[in-house]
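Peer 1: Shown below is the structure under consideration.
The values are calculated or read from the model by the stated rules, or taken from the named source; none is laboratory data. If you're wondering where the values come from, they're calculated on a predicted model, not measured in any experiment. Every residue, glycine among them, receives a Cβ derived from its backbone with ideal geometry; neighbour counts consider all protein chains shown.
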């Protein structure tokens, strides 16, 4: 049987790792320096961005879950969640390889990137559906809160002056860790689900 705590931990880890990627915090940092925003305002905006990112990810994942259950039924949920986990991992891997080859600068991104939905939540939501609605809500709230807190912590660290170290962190490194988490989740579901 699935463990609700496992899926809460996965949701928190994925949200936290994803917000470490420079494309989530660097645009806000650059904008705040350019416009002279005070620390309090930067933290307020980062909390809003984290909330929007987490909430949109949850809403889209729940909608996809509803659509999947309606189209395929509950019996195929385990297989669908494994397929979606692997598909998202492959998508992230392909995107990561493309980004590495393109050598895109994080500075070219906008604040919109910070609120775009995170596809890695979808398989977590699908896989945790058999746990029940209460657990789904807890996992969803955990993801949103982790998104907010992670972005707040990263921005607070950046404002203290550690931006140099964090800016050397490559988004692809974070992506590889997230891909690993997805594959491990698929393995967990396959053997213990």
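Peer 1: Restricting to region 23-53, name every residue that is assigned to a helix (DSSP H, G or I) and more than 21 Å from the chain's Cα centre (by Cα).
Peer 2: Listed by number, the residues that qualify are 30, 31, 32, 33, 34, 35, 39, 40, 41.
Peer 1: Then there's this: Of the conditions (1) modelled with pLDDT of 75 or more; (2) exposed (fewer than 15 other Cβ atoms within 10 Å of the Cβ), residue 192 clears all except one; give me its number.
Peer 2: Result: residue 192 fails condition (1) only.
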